[in-house]
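The structure appears below as structure tokens.
Here, each number is a calculation from the coordinates, and none is a lab measurement. Note that the coordinates shown come from a computational prediction; the quantities given were computed from them, not determined experimentally. Neighbour counts run over all protein chains shown; Cβ positions are idealised from the backbone, glycine included.
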Amino acid sequence: MQGVGFRYQFERTAQQHGVTGWVRNRRDGSVEAVVQGPEAAVSAVIGWAQRGPRNAQVAHVAVSDADGSYGAFEIRDTE
């Protein structure tokens, strides 16, 4: 859901949990993210994503494995 600060709140939540990766808006209006870190921290971020920030309307969260290594958590440009 775009327009409710989702990416910025996602970044803040990821940093609070000490995970790495990235988040970005997609042209279709969805948000895509990669999160890496300890299982409990990743689970906490996924749990947050299922709710999102206030005024967000989260319809679906898909979870899959991802490759890569990230030094920090960042917001990326729209894909």
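Here are the numbers for this structure:
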quantity: Near-label residues of region 60-79 by backbone N, under 18 Å of a point 7 Å along Cα→Cβ of Q15; calculated: 70-77
quantity: Using θ = phi - 60° and Karplus 6.51 cos²θ - 1.76 cosθ + 1.60, couplings along region 25-41 (whole Hz; Gly, Pro as x); calculated: 6, 10, 4, 7, x, 8, 10, 10, 8, 10, 10, 10, x, x, 3, 5, 5
quantity: Extension gain from Q50 to R26, taking 0.36 nm per residue of separation minus the Cα-Cα distance; calculated: 6.9 nm
quantity: Contact order normalised by residue count of region 1-48, Cα under 8 Å, 6+ apart, percent; calculated: 37 percent
quantity: Distance histogram in 10 Å bins (all Cα pairs of region 6-67, percent per bin); calculated: 22, 61, 17, 0
quantity: Y8 paired with V61, simple spin-label distance in nm, labels 7 Å along Cα-to-beta-carbon; calculated: 2.1 nm
quantity: Principal-axis tilt of helix 6-16 within the chain, Cα atoms, nearest 10 degrees; calculated: 20 degrees
